[in-house]
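Remarks on the structure that follows.
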Amino acid sequence: MRIETYYSHLGKSPTVGALLLDRLRRMHIEPLLLALLLLVMAAGVVILYSASGGSDSLILRQAIRLAVAILAMIMVAQIRLRHLMAAAPAIYVIGLILLLLVLVVGDSGGGATRWLNLGFIRFQPAEIMKLGVPLMLAWLLSSERATPDMTKVVASLLLVLAPLALIFLQPDLGTAVLIGASGAFVLFFSGLKWRYIFGAAAAMAGALPLLWARMHSYQQQRVLTFLNPEADPLGSGYHIIQSKIAIGSGGLFGKGWLQGTQSQLDFLPERSTDFIFSVACEEFGLLGVLPLIALYLAIVLRGLYIAARCDDHFGRMLAAALSLTFFVYTAVNIGMVSGLMPVVGVPLPLISYGGTSMVTLLISFGMIMSIHTHKTQPLYGANL
Amino acid sequence: MAHRPERLVANREFRLRLWVAVLGCFLICGLLTLRLVRLQVTDHQNFTTQSENNRIRITAAGALRGKIFDRNGVLLATNDPSFALELLPTKITDIDATLAELGELIELSPDEIARFRKLRKRLSRYSAIPLKFAMDEQELATIAANQTRLPGVRISNSSTRSYPQGSATAHVVGYTGKISAADLERIDSNAYRGFDQIGKVGIERSYEQQLHGEQGFNQVETDASGRTLRVIKTDAAIPGNDIYLTVDLQLQQAAVKALAGRAGSVVALQPATGEVLAMVSQPDYDPNLFVSGNASSAFGALSSNQKRPLFNRAVQGQYPPGSTVKPQLAMAGLEYGVITPSQQYFCPGYKQLSPNSRKYRDWKRGGHNHTNMRKAIAESCDVFFYELALSLGVDKIHDFLGLFGLGETTGLDIIGEKSGLLPSRGWKQAMYGEPWYRGETLNIGIGQGFMLTTPLQLAVATATIANRGERPKPRLARAFSDPISDERQLTLPEQMPPVVLRDSSHWQHTVQAMTDVLQSPSGSAHRISTNMPYTAAGKTGTSQVFGLDPDSEYGEVPAEERLRDHALFVAFAPIEKPEIAIAVVVEHGGSGGRIAAPIARTVMDAWLLGTAGTYQPSSNAGIRANANSTSASNNQGESPNLSAALGSEAHHAH
């Protein structure tokens, strides 16, 4: 039903706001999610301006990235769910092949081999897998309505572990954690029996020593540093100590925008990327960052709500898993800069400077929007 | 609807799990909030104290860039200490007043003030902003004397690149500049923390990895506003490696002088090893201009200069080779059995493809009469090569000349080299979608038409004849030297696929004819053989800049200089144990024999002859004397001889 018809039944003409919302829905853009994302991005640009020491050119580059990512999101939102589902295995397989290629012919930087150079563009195939793994698992498990049978569970585990192992070898612990989490979430929502879930959790705890042995020395160092940062205050503990000082000295109200001494005087390392949340804490204080955390939470809840409203099993598993992965992303970053977790090199989503993960992230929101806006014809007043 | 109940159960289960997830999210958010409350409220006072006492900072410091020397250890690129005037905005209450005060003490140009204001907007408010670079001693003294009156004004010392030989080696050494956005695309930005310069062209660019070094880190104690009080601990930077080039500065300067300001290029190689002894491109520029604070205006002026001084003609200039490729063409004729060494063509002064058609003229109006290969090369007869080219066909010419490295980059170790053009039927079909015409084959026979070569390619092709088939890969870097351990590592000469002929006597016929170019009274470069104490073989070339109307009188000199022919000359000497191969191109120089050949003679003399003007094979005469002990031992890798030579000379330079 067209909005004009709906309002004419009511005997009124539509308001500008109603027309705009209708327009957005027809473009398959979910207005509330879009508004929340834009709010976080806007806050991010303000924080980044300060973190970069007031660099206009850096802000400009970030703005271009954000625009590209939003465009990608809108484009992906146009794809119907069944097309997305049909493409899932292909996306996964291509991602896996590219990950293998990285090990053979990848570009190195900073002690890790993560990039593929196609001549005109250099990118991380692990990014594709951030989408490929949840898509593939949701595709595999979507036919099951109640609980998936054992063969499919084992197949799912293998499908998660294969790319995980390849990414672990690069090495890129942060991305491996995120992809592992996204796979686990799909399994969780597929209806896997609770006893398996608890069993797996116990097994993971048992496997930790093995994982430790396979870690690179710098990864082990990060964990040791996390456990006792003061042991080496000017060495590897430096990052986390300076970050905690930045957060703590910000207090309730913060030191003011562009006034953070920790960030502006270069004490805080990587302040435009991984440690940008500490800059926000130092300059805007607890009362400044709590609303930001609330915004992130709202985005996740909106994603979970969309999953709840979706009556397609593939769609709802995907929406729920992608939303929760986004939450893990955020929580891991905040946890690591505040000293709750080891530093695993996960940027703050939507805010940290850098382009690789931004596009992937917004593509995942494009999928969530598609899930919500394609499922039924919009019924005005009934389904907001 | 048998599935209905099961589906409802599944829905209820899914909802339950969503609620678990929501609960989990709230729990974790609560945990993070508690953590922030702990840091920002409970421990706030503690962290504020720590923040105020935070005095120790880790800063990256760039490494000293490696120096560049010529083959004898003469300094070509080095680092000079330089002092810059910087302002700390946080320490200054009234910037304009400070600027005015400084302006009375020392000279400040409007450009410097404008640049300062621009940087101030761009840089963090806590960083020091440079106002004036390259302060001289008097200015330093003035500022020091008034230091107390000028809070927030300081002098920083650093080093800047300098090129003691200026323009003479500009096109070889290149220059460094500020790291640009484009540079960041191709480097690991972490490795460049603390650096602000990067090699832009020439050796500075292609051996960036060697020259660059590794940055060090300083732990510095600062005051509350970020000013450095003292350095606590230093992880010293590792300076970059020094590079010794194959170029000989004296020979390079001799070549610059011989060109006498004409636009063009001289490339001299050591035939056996491919070492570039001299590589000159004129007009040139002073690379020191790029180092000063006004690099961008200097670059703007140079790049908009109509004479194109930044253009490296030696490797990027593509010229029709003209008659300089006739020796190779004659060899192609011998190799493919199209001619014999004694075979003659009749030259009436022109060639027609059919009666009454267009006349392809010889440079000599009356013609050369009956001409064999030897005479055709010596006198540069065109009609002989028209006939030869027609018999060979363009594809055979393409294949054979390709063996000498024409039509492809030589592999010199600086970037930007052009490949020239060696046409073929297939190339023309792909490029223009047109078949090849016989008239075009005629043009190729005298190195005209589509054919293009760089001066470096001509030098390599000539060295290949000098070596009787061994094609060297030219190179500019001779050795790398670690400035701390003094360890030296030589680069090794590389050979390209050699030219192997069916009958090796063809080399002798060709070299014989090229000797006649100088020795025969009717040779086209006979004038330069006067009083030549060594043997030499060469070939002149005069290549057309544009297509002359075939019926106009050939040899008529166009009034405007830019329409005049390019003058070329290639040569090697001595004939039996060649020590130098050379290519000279003078843009719009006119006749190769008259203009280019004397330049080559001067350069060869400089390399081979002593002050007494005598030549002794592989002896201690000439510029090469210094280099000789090293060149002989080149293939055996590091020799005591070389170390001694490099070492002793290097110390002079330091």
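The values are calculated or read from the model by the stated rules, or taken from the named source; none is laboratory data. These figures come from a predicted structure and were not determined experimentally. Cβ: placed from backbone, ideal geometry, glycine included. Neighbour counts: every protein chain shown. Heavy atoms of the whole protein, side chains included, go into the accessibility calculation; ligands, DNA and RNA do not. Shrake-Rupley method; radii C 1.70, N 1.55, O 1.52, S 1.80 Å.
Chain B contacts chain A over a buried accessible area of about 4400 Å², both sides summed; the probe is 1.4 Å and only protein chains count.
I'd like the carbon and sulfur percentage of the solvent accessible area for chain B, probe radius 1.4 Å, heavy atoms only, ligands and nucleic acids excluded.
Of all accessible area on chain B, carbon and sulfur atoms account for 52 percent.
For chain A, the fraction of 1.4 Å probe accessible surface lying on carbon and sulfur atoms is 70 percent.
Packing order of peptides B:29-37, A:132-140, highest average first: A:132-140, B:29-37 (average count of other Cβ atoms within 10 Å over each peptide's residues).
What share of Cα pairs, in percent, lie more than 20 angstrom apart in the range B:84-151?
In whole percent, the share of Cα-Cα pairs in the range B:84-151 beyond 20 Å is 22.
Keeping all protein chains in place, calculate the accessible area per residue for chain B (probe 1.4 angstrom), answer in Å².
On the way: 29220 Å² over 654 residues.
Here the residues of chain B average 45 Å² of exposed surface.
Going by average Cβ density within 10 Å per residue, which order do the peptides A:341-352, A:362-373, B:14-25, B:456-467 take, highest to lowest?
Working: A:341-352: 23.4, A:362-373: 24.9, B:14-25: 15.8, B:456-467: 27.9.
Ranking, from highest mean packing down: B:456-467, A:362-373, A:341-352, B:14-25.
Computed from Cα atoms, the angle from the helix B:4-37 axis to the main principal axis of chain B rounds to 80 degrees.
Counting only other chain Cβ atoms within 10 Å of each residue's Cβ, the peptide B:41-48 averages 5.
For the range A:275-384, the spread of Cα positions along the three principal axes, ordered from largest to smallest, is 46, 27, 23 Å. Above 38 Å lies some portion of the pair distances; for the protein assembly as shown, what is it as a whole percent of all C-alpha pairs? Counting pairs separated by more than 38 Å, the tail of P(r) holds 62 percent. When both the range B:283-347 and the range B:361-435 are represented by their alpha-carbon centers, they are found 16 Å apart. Proximity of backbone amide H atoms, modeled 1.01 Å from N, is registered between B:Phe69 and B:Leu76, B:Ile243, B:Tyr244, B:Leu245 at under 5 Å, excluding neighbours fewer than 5 places apart on the same chain.
Cα centroid separation, the range A:1-27 to the range B:230-275: 75 Å.
Taking each residue in A:260-266, count the Cβ atoms of any other chain within 10 Å of its Cβ, then average. What number comes out?
On the way: counts 1, 7, 4, 2, 6, 12, 8.
The mean count of partner-chain Cβ atoms within 10 Å per residue comes to 6.
The P(r) of the range B:225-380 has a tail past 21 Å containing 71 percent of all C-alpha pairs.
Sorted from longest to shortest, the spans of the Cα atoms of the range A:91-215 along the three principal axes equal 47, 34, 18 Å. Counts of other chain beta carbons within 10 angstrom of each beta carbon in peptide B:79-92 average 0.
Cα-Cα over 20 Å: which of B:Lys326/B:Lys364; B:Lys200/B:Lys418; B:Lys118/B:Lys178; A:Lys244/B:Lys91? Working shown, then result.
Working: B:Lys326/B:Lys364 16 Å; B:Lys200/B:Lys418 18 Å; B:Lys118/B:Lys178 16 Å; A:Lys244/B:Lys91 28 Å.
Checking Cα-Cα distances, A:Lys244/B:Lys91 exceed 20 Å.
Working note: Cα gyration tensor of chain A, eigenvalues times five, square-rooted, sorted largest first, giving semi-axes of 34, 29, 19 Å. How big is D, in µm² s⁻¹, for the range B:400-448 by Stokes-Einstein at 4 °C and 1.567 mPa s if Rh is the Kirkwood radius over C-alpha pairs? Once the numbers are plugged in, D ends up at 105 µm²/s.
Run through the range B:436-517 and list the chymotrypsin sites (Phe, Trp or Tyr not before Pro) located in a DSSP loop whose Cβ has at most 15 other Cβ atoms within 10 Å.
Numbers: sites: B:Trp436, B:Tyr437, B:Phe450, B:Phe480, B:Trp507; in loops: B:Trp436, B:Tyr437, B:Phe450.
For chymotrypsin sites (Phe, Trp or Tyr not before Pro) across the range B:436-517 that sit outside H, G, I, E and B with at most 15 neighbouring Cβ atoms in 10 Å, the list reads B:Tyr437.
Sorted from longest to shortest, the spans of the Cα atoms of the range B:58-245 along the three principal axes equal 53, 35, 30 Å.
Using Cα pairs under 8 angstrom and six or more residues apart, how large is the relative contact order of the range A:91-215, in percent?
On the way: 120 pairs, mean separation 31.3, N = 125.
Contact order relative to length: 25 percent.
Express the relative contact order of chain A as a whole percentage, based on alpha carbon pairs under 8 Å and six or more residues apart in sequence. Relative contact order, chain A: 26 percent.
The phi torsions of the range B:302-308, fed into the Karplus equation with coefficients 6.51, -1.76 and 1.60 and a -60° offset, translate into couplings of 5, 7, 8, 5, 4, 7, 6 Hz, rounded to whole numbers, with Gly and Pro shown as x.
Can you sort B:Ile113, B:Ile599 by 1.4 Å-probe accessible area, starting with the largest?
Details: B:Ile113 45, B:Ile599 5 Å².
These residues rank, largest area first, as B:Ile113, B:Ile599.
Of the listed peptides B:583-596, A:264-277, what is their order by residue-averaged count of other C-beta atoms within 10 Å, with the highest listed first?
Numbers: B:583-596: 25.3, A:264-277: 23.1.
The packing order, highest mean first, is B:583-596, A:264-277.
Converting phi to 3J(HN,Hα) with the Karplus coefficients 6.51, -1.76 and 1.60 and the offset θ = phi - 60°, the range B:582-593 yields 9, 10, 10, 10, 10, 5, 6, x, x, 7, x, x Hz in sequence order, with x at every glycine or proline. Across chain B, the convex hull enclosing all Cα atoms gives 281 Å³ per residue.
Could you please put B:Lys257, A:Lys255, B:Lys178, B:Lys418 in sequence from largest to smallest accessible area, using a 1.4 Å probe?
On the way: B:Lys257 165, A:Lys255 65, B:Lys178 125, B:Lys418 85 Å².
In descending accessible area the options line up as B:Lys257, B:Lys178, B:Lys418, A:Lys255.
Here the alpha carbons of the range B:427-487 define both size measures, Rg and Dmax, at 20.0, 63 Å. Using only alpha carbons, the range B:338-464 has a radius of gyration to Kirkwood radius ratio (Rg to Rh) of 1.00.
Based on C-alpha pairs under 8 angstrom that are at least 6 apart in sequence, chain B has a relative contact order of 14 percent.
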